[in-house]
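The values are calculated or read from the model by the stated rules, or taken from the named source; none is laboratory data. Since the structure is predicted, the reported quantities are computational estimates derived from the model, not experimental observations. Cβ coordinates were reconstructed from backbone atoms using ideal geometry, including for glycine residues, and neighbour counts include every protein chain displayed. Protein only, heavy atoms only, side chains kept; ligands, DNA and RNA dropped before computing areas. Shrake-Rupley method; radii C 1.70, N 1.55, O 1.52, S 1.80 Å.
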Amino acid sequence: MQCRGFLFDLDGTLVDSLAVIERSWRLWADSYGVDPEAVLDYIHGKQAITTLRHFMPGKSEAEIQAEFLRLEQIEAGDLNGIRALPGAVELLEHLEANAIPWAIVTSGSIPVAYARHRAAGLPQPNAFVTAEQVKRGKPQPDAYLLGAEQLALPPQACLVVEDAPAGVQSGLAAGCHVAAVNMPPETPELLEVDFVLSTLSALRVEKLPDGTVNVTQNA
């Protein structure tokens with residue numbers, strides 16, 4: 001397929017942060033008296049505040065915000081094991097070397113996302129969309145629409161790269177092309193995406209003289 005820019009999710013797509021995420025949410029669930037496994041089944045691809053509202057029914061917004069700040073502090077302070085996923089740095093450096101615009105579009109907050117981005121040693125994106133910048137998180141299209149806007153590209157000219165069903169749904173709803181990476185093969189959303197990848201190393205990207213980018217996948 002052809003595009004003009006890339007919109008990358010962060011956790012699970014560019015950065016291996018699964019252990020940190022699960023440690024943080026288990027700690028919160030245990031302290032709040034919620035089943036940790038139910039929480040871990042729910043969280044992926046969603047904003048933390050969405051998860052807290054789901055598991056704190058009947059609580060005031062002030063109470064939910066207080067828990068969010070406590071969780072944010074836990075997550076931003078735990079960088080043990082954070083690393084770039086295979087192929088991530090190489091792909092991003094290739095985009096930079098060829099002046100291909102790219103953005104990070106994450107459900108994480110600024111303190112958490114920036115800390116993990118730095119810890120993984122990723123290049124600096126052309127745009128960085130975090131949870132604070134959108135009213136509706138993934139699977140709604142707002143985040144990827146904003147990412148495309150910040151790259152000055154129409155959504156249909158962007159390739160979203162995602163590892164979570166909520167993120168894939170967000171990218172599709174925004175009208176973007178989508179590549180799914182590290183998603184279970186039985187995931188229904190895979191029927192609608194352009195690429196199904198086990199690693200970012202499988203993507204081949206070539207910029208043409210007119211600025212169009214050819215994207216192919218290794219067999």
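Among the residues examined, residue 74 does not qualify as in a helix (DSSP H, G or I), closer than 30 Å to residue 151 by Cα and of a type outside the set (Ser, Thr, Tyr). Just so you know, in segment 86-103 the residues that are outside any helix (DSSP H, G or I) and touching a Gly at 6+ places or on another chain (Cβ under 8 Å) include one that is most open to solvent (accessible area, probe 1.4 Å), and it is 101. For segment 104-126, the tally of residues that are outside any loop (DSSP other than H, G, I, E, B) and either in contact with an Asp or Glu (Cβ under 9 Å, 6 or more places away or on another chain) or not aliphatic (A, V, I, L, M) (or both) stands at 12.
Evaluation of residue 191 against the conditions (1) aliphatic (A, V, I, L, M); (2) open to solvent by 30 Å² or more (accessible area, probe 1.4 Å); (3) in a strand (DSSP E or B) shows that the sole unmet condition is (3). Residues that are more than 11 Å from the chain's Cα centre (by Cα) and open to solvent by less than 10 Å² (accessible area, probe 1.4 Å) within segment 139-173 comprise 147, 148, 158, 159, listed in sequence order. Where the second residue is open to solvent by less than 30 Å² (accessible area, probe 1.4 Å) and in a loop (DSSP other than H, G, I, E, B) and the first is free of Cβ contacts under 8 Å to residues at least 24 places away in the same chain and lies in segment 56-78, which pairs have Cβ atoms under 6 Å and are six or more apart or on separate chains? Qualifying pairs under 6 Å: 64/56. Within segment 1-45, the set of residues being modelled with pLDDT under 90, assigned to a loop (DSSP other than H, G, I, E, B) and either touching a His at 6+ places or on another chain (Cβ under 8 Å) or surrounded by 19 or more Cβ atoms within 10 Å (Cβ to Cβ) (or both) comprises 43, 45.
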